[in-house]
Amino acid sequence: MNNTNQGMQYVLAREGDQCDIEPNTPPVLSYLMELGEDNETKRMKTFNSVKGAEDYAENKLGEDLEDIIIMPLSEADTKGYHDHGNN
(Lines give C-alpha, C1' and ligand atoms only; values in the text may rest on other atoms or scores of the structure.)
Protein backbone atom coordinates (compact mmCIF):
# COMPACT_ATOMS: atom_id res chain seq x y z
CA MET A 1 0.00 0.00 0.00
CA ASN A 2 1.38 3.39 -0.96
CA ASN A 3 1.39 5.71 2.02
CA THR A 4 3.10 8.67 0.37
CA ASN A 5 -0.03 10.21 -1.19
CA GLN A 6 -0.40 13.79 0.02
CA GLY A 7 -3.63 14.28 1.93
CA MET A 8 -4.64 10.60 1.96
CA GLN A 9 -6.14 9.37 5.21
CA TYR A 10 -6.40 5.84 6.55
CA VAL A 11 -8.68 4.02 8.99
CA LEU A 12 -8.37 0.89 11.11
CA ALA A 13 -10.90 -1.86 10.50
CA ARG A 14 -11.51 -5.51 11.31
CA GLU A 15 -13.97 -8.12 10.21
CA GLY A 16 -17.12 -8.22 12.31
CA ASP A 17 -18.11 -11.22 14.44
CA GLN A 18 -20.89 -12.28 12.09
CA CYS A 19 -18.24 -13.18 9.49
CA ASP A 20 -17.58 -16.36 11.48
CA ILE A 21 -21.28 -17.23 11.52
CA GLU A 22 -21.94 -16.54 7.83
CA PRO A 23 -18.72 -17.54 6.01
CA ASN A 24 -20.20 -17.26 2.49
CA THR A 25 -21.19 -13.62 2.81
CA PRO A 26 -18.89 -10.63 2.25
CA PRO A 27 -17.20 -9.52 5.46
CA VAL A 28 -18.80 -6.74 7.45
CA LEU A 29 -16.10 -4.39 8.65
CA SER A 30 -16.09 -2.51 11.91
CA TYR A 31 -14.00 0.63 12.20
CA LEU A 32 -12.10 2.24 15.03
CA MET A 33 -14.13 5.22 16.19
CA GLU A 34 -13.37 8.31 18.24
CA LEU A 35 -15.47 10.97 19.89
CA GLY A 36 -15.88 14.23 18.02
CA GLU A 37 -15.09 17.65 19.44
CA ASP A 38 -18.48 17.71 21.19
CA ASN A 39 -17.52 14.53 23.13
CA GLU A 40 -20.79 12.92 22.01
CA THR A 41 -20.67 12.38 18.27
CA LYS A 42 -18.64 9.40 17.08
CA ARG A 43 -16.64 9.38 13.87
CA MET A 44 -14.04 7.14 12.27
CA LYS A 45 -10.57 7.73 13.67
CA THR A 46 -8.30 8.69 10.78
CA PHE A 47 -4.54 8.59 10.32
CA ASN A 48 -2.35 10.53 7.89
CA SER A 49 -0.17 7.51 7.05
CA VAL A 50 -0.13 3.73 7.14
CA LYS A 51 2.80 3.94 9.58
CA GLY A 52 0.78 6.16 11.92
CA ALA A 53 -2.11 3.69 11.83
CA GLU A 54 0.24 0.76 12.48
CA ASP A 55 1.89 2.52 15.42
CA TYR A 56 -1.49 3.39 16.97
CA ALA A 57 -2.82 -0.16 16.54
CA GLU A 58 0.27 -1.75 18.07
CA ASN A 59 1.25 0.76 20.74
CA LYS A 60 -2.07 2.31 21.85
CA LEU A 61 -4.46 -0.60 21.27
CA GLY A 62 -2.05 -3.53 21.74
CA GLU A 63 -3.36 -5.12 18.54
CA ASP A 64 -1.53 -7.61 16.35
CA LEU A 65 -1.27 -6.09 12.86
CA GLU A 66 -2.40 -9.41 11.37
CA ASP A 67 -5.80 -8.88 13.02
CA ILE A 68 -6.27 -5.31 11.74
CA ILE A 69 -7.06 -3.94 8.30
CA ILE A 70 -5.53 -0.58 7.41
CA MET A 71 -7.38 0.93 4.49
CA PRO A 72 -7.78 4.30 2.80
CA LEU A 73 -10.69 6.30 4.20
CA SER A 74 -11.96 6.60 0.62
CA GLU A 75 -12.55 2.81 0.57
CA ALA A 76 -14.32 2.63 3.94
CA ASP A 77 -18.08 2.14 4.13
CA THR A 78 -18.94 5.45 5.77
CA LYS A 79 -22.70 4.84 5.53
CA GLY A 80 -23.00 1.46 7.22
CA TYR A 81 -20.00 1.46 9.51
CA HIS A 82 -19.79 -0.54 12.70
CA ASP A 83 -17.94 0.47 15.82
CA HIS A 84 -14.92 -1.51 17.15
CA GLY A 85 -16.05 -0.62 20.64
CA ASN A 86 -12.52 0.34 21.72
CA ASN A 87 -13.40 3.91 22.65
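The values are calculated or read from the model by the stated rules, or taken from the named source; none is laboratory data. Everything numeric here is computed off the predicted structure, so don't read it as measured data. With ideal geometry, Cβ positions are generated from the backbone for all residues, glycine too; neighbour counts draw on all protein chains shown. All accessible areas refer to the heavy atoms of the entire protein, side chains included, with ligands and DNA or RNA removed. Shrake-Rupley method; radii C 1.70, N 1.55, O 1.52, S 1.80 Å.
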Practice prompt. Enumerate the pairs (first residue in the range 38-57 and farther than 12 Å from Met71 by Cβ and charged (D, E, K, R); second residue anywhere and assigned to a loop (DSSP other than H, G, I, E, B) and open to solvent by 60 Å² or more (accessible area, probe 1.4 Å)) with beta-carbon separation below 9 Å, excluding pairs fewer than 6 apart on the same chain, so at least 6 apart or on different chains.
Written response: Lys42/Asn87; Lys45/Asn87; Lys51/Asn3
Worksheet item: Quick one: which of Glu63, Glu54 is modelled with pLDDT under 95 and among the charged types (D, E, K, R)?
Response: Glu63
Response to the item:
Checked the range 25-73 for anything among the β-branched types (Val, Ile, Thr), out of contact with any helix residue (DSSP H, G or I) (no Cβ under 8 Å at 6 or more places or on another chain) and over 18 Å from Tyr10 (Cβ atoms); matches are Thr41
Discussion item. Quick check on my filter: what residues within the range 47-72 are of a type outside the set (A, V, I, L, M) and open to solvent by 50 Å² or more (accessible area, probe 1.4 Å)?
Written reply: Asn48, Lys51, Glu54, Asp55, Tyr56, Glu58, Asn59, Lys60, Gly62, Asp64, Glu66, Asp67
Response to the item:
Of those in the range 1-48 that are among the acidic types (Asp, Glu) and not in a loop (DSSP other than H, G, I, E, B), the residue modelled with the highest pLDDT is Glu34
Worksheet entry | Residues of the range 65-79 that turn out to be touching an Asp or Glu at 6+ places or on another chain (Cβ under 8 Å) and without any contact (Cβ under 8 Å) to a residue 12 or more places away in the chain, as a count | 1
